[in-house]
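Reviewing the structure listed below.
The values are calculated or read from the model by the stated rules, or taken from the named source; none is laboratory data. Predicted, not measured: the structure shown is a model, and the values here were computed from it. Positions of Cβ are backbone-derived with ideal geometry, glycine not excepted, and every protein chain shown enters the neighbour counts.
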Amino acid sequence: MERAGLLRFWDSSVGKKVVMGATGLILVAFVILHMAGNLQFFSGSERFNAYSHLLQVDLIELTWLMRITLLGAVVLHITAAYQLTMRNRAARPAGYVKREPQVSTYAARTMRWGGVYLLLFIPYHILHFTTGTLHPAFVRRAAYGNVVIGFQVMWVALFYLGAMAFLGLHLYHGAWAMFRTLGIARPSNDPLHRRLALAIAIIVPAGFSLLPLSVMLGFMH
Amino acid sequence: MKVVLHVWRQASASAAGKLVDYQADDISPDMSFLEMLDVLNERLIVRGEDPIAFDHDCREGICGSCGMMINGAAHGPMKLTTACQLHMRSFSDGDEIWIEPWRAKAFPVIKDLVVDRGAFDRIIQAGGFVSAPTGSAQDGNAIPIPKQAADDAMDAAACIGCGACVAACPNASASLFTAAKISHLGELPQGQPERMKRALAMVHQMDLETFGGCTLFGECQEACPKGISIDTIAQMNRDYIFAAATEREATDVLGSG
Ligand code: HEM
Ligand code: FES
């Protein structure tokens, strides 16, 4: 049965993908801001804890608004991703014996696995640094110390670095694809070429990774 | 030259298929790929075997009938070239060549390499008509059309509906085909009155036909023998978003004119 209005939009493959692109845009904007904010770690404990205080106390209403927006975006993003993936699988019940991908990138082909890794990473990350539930020595509002102690656990730091590798791949495809999905990409003679997405895919994970790396290598303590 | 072929043989839509090996000797490098299959079929007939069924018509790259997967690439290794325009000189003596039909739920195999592409016809039908005067041709310059729009429409109209985009897409998506058809009319003034309706109807039909969705792998654009750009897909999405946002319920017709 064909539904009407917004529901029909959601039912269509184009509509669902547009929802993915729009929520992806929100998430990309968020990771850029989050990464930039995190770099204050290198200004030392006073500055970083003040930043944490700003978000957790002074601007807590704004923080909640952002949390709710992000949660909504992630839920819609994953729901659309899952449903489209199922449709796409069903669209080719019998595969090829011989198939040579011509131009698709490694990033495009790992969107689903990368997404699953990030899906495991996000709750872990919140339980680790926000609620402290999974942190060995969590102190409320002492963000700097929490990060240092958190990343002194080797496997935790490695898990974070793995997530950043997948984030980079996800962004290399996603931060390019979203503009095309939303129909706002300019026509191009080489549509597969991406500059902005490449910059985002390098700068964002690299910026995030500086924190666990600097702690692991003993620069920050 | 000599080549070894691994060809998908399937007696009917419901029969199970399998790859069958053939040795094709004495092949001239100047033969087209389809001529090579013709020669092989002649030999099969002489031996009393069932010839390999494949679709073809114009053999000059314009009808879109001749699609097949050749060595894992739609229409074979040459860019911007249909299978009928591919020549054996693109291969080397002794090569092994895998030949398979397009694979998609929406393109069921009829026999061997022949698939039913009726789903494409139904997407076109869903697009409906354009309110342009036909019959008496109007004055050539009566409707001004920007050069860029004319060029873009012409580029999109180059689509021959062969199905290579679906075959090459890891999601078996018909987005490039549908987008080409939507943009070719949508770029032109004559296509404006039904532009929004067309985008909604064609996308809906594309979904009904069980094609997958677009994840922008880019494989379709690479496989397309007519060089249709994935820019058309951005255009389709743009039209679809506008159409969905501006669509209104049918109004009652009141009074008389
Ligand atoms: C939480 C777990 C996540 C899952 C399961 C997931 C999964 C996916 C999948 C399957 C795709 C489609 C790939 C394609 O179309 O080729 C996708 C696209 C995308 N993702 Fe994610 N993702 C997740 C998190 C994120 C995050 C954290 C971001 C922000 C950086 C993000 C940004 C994007 C963008 C921008 C796209 C492109 C949408 C488009 O093509 O228009 N995703 N995601
Ligand atoms: S037979 Fe017409 S395009 Fe190949």
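Restricting B:Gly72, B:Gly94, B:Gly61, B:Gly127 to residues that are more than 16 Å from ligand 1 (Cβ to nearest atom), touching a helix residue (DSSP H, G or I) at 6+ places or on another chain (Cβ under 9 Å), of a type in the set (Gly, Ala, Ser) and not assigned by TED's automatic domain parsing to the domain that holds B:His184 narrows the list to B:Gly61.
Quick one: which helices (runs of 4 or more DSSP H) lie wholly within segment A:72-189 and hold at least 3 residues that are at negative phi and loosely packed, with under 14 Cβ neighbours inside 10 Å? Can you show your working first?
Details: elements: A:106-109, A:111-125, A:143-151, A:154-181.
Per the criteria, A:111-125, A:154-181.
Scan segment A:165-173 and tell me whether some residue there is out of contact with any strand residue (DSSP E or B) (no Cβ under 9 Å at 6 or more places or on another chain) and without any contact (Cβ under 8 Å) to a residue 24 or more places away in the chain. Scanning segment A:165-173, I find no residue that is out of contact with any strand residue (DSSP E or B) (no Cβ under 9 Å at 6 or more places or on another chain) and without any contact (Cβ under 8 Å) to a residue 24 or more places away in the chain, so the answer is no. You will find that of B:Leu19, B:Leu40, B:Leu80, B:Leu44, the residue that is crowded, with 19+ Cβ neighbours inside 10 Å and not aromatic (Phe, Trp, Tyr) is B:Leu40 and no other.
Among the residues of segment A:157-189, those that are over 17 Å from the mean Cα position of the chain (by Cα), of a type outside the set (A, V, I, L, M, F, W, C) and modelled with pLDDT of 95 or more comprise A:Arg180, A:Thr181, A:Gly183. Screening A:His77, A:His125 for residues that are more than 9 Å from chain B (Cβ to nearest Cβ) and farther than 28 Å from A:Trp155 by Cα leaves exactly one candidate, A:His77. Take the residues in segment B:63-106 that are part of a loop (DSSP other than H, G, I, E, B) and among the basic types (Lys, Arg), then tell me which one is nearest to ligand 2 (Cβ to nearest atom). Checking each candidate, the answer is B:Lys79. Scan segment A:1-55 for residues that are near ligand 1 (Cβ under 9 Å from one of its atoms), surrounded by fewer than 17 Cβ atoms within 10 Å (Cβ to Cβ) and in contact (Cβ under 8 Å) with a residue 60 or more places away in the chain and jot them down. The one that is near ligand 1 (Cβ under 9 Å from one of its atoms), surrounded by fewer than 17 Cβ atoms within 10 Å (Cβ to Cβ) and in contact (Cβ under 8 Å) with a residue 60 or more places away in the chain: A:Ile32. Scanning for something assigned to a strand (DSSP E or B), modelled with pLDDT of 95 or more and either among the hydroxyl-bearing types (Ser, Thr, Tyr) or within 16 Å of ligand 2 (Cβ to nearest atom) (or both), does segment B:41-56 turn up at least one residue? No.
Are there any helices (runs of 4 or more DSSP H) wholly within segment B:181-257 with 3 or more residues that are more than 16 Å from ligand 2 (Cβ to nearest atom) and in contact with a Leu (Cβ under 9 Å, 6 or more places away or on another chain), and if so which?
Result: B:219-223, B:231-246.
When A:Ala36, A:Ala22, A:Ala50, A:Ala29 are screened for being in a helix (DSSP H, G or I) and within 14 Å of chain B (Cβ to nearest Cβ), only A:Ala22 passes. Based on this model, can you work out whether B:Lys105 counts as within 14 Å of another protein chain (Cβ to nearest Cβ) and in contact with a Ser or Thr (Cβ under 7 Å, 6 or more places away or on another chain)? Yes. Considering B:Glu219, B:Glu209, the condition of being surrounded by 15 or more Cβ atoms within 10 Å (Cβ to Cβ), within 8 Å of chain A (Cβ to nearest Cβ) and either touching a residue at least 24 places away in the same chain (Cβ under 8 Å) or under 16 Å from the mean Cα position of the chain (by Cα) (or both) is satisfied by B:Glu219 alone.
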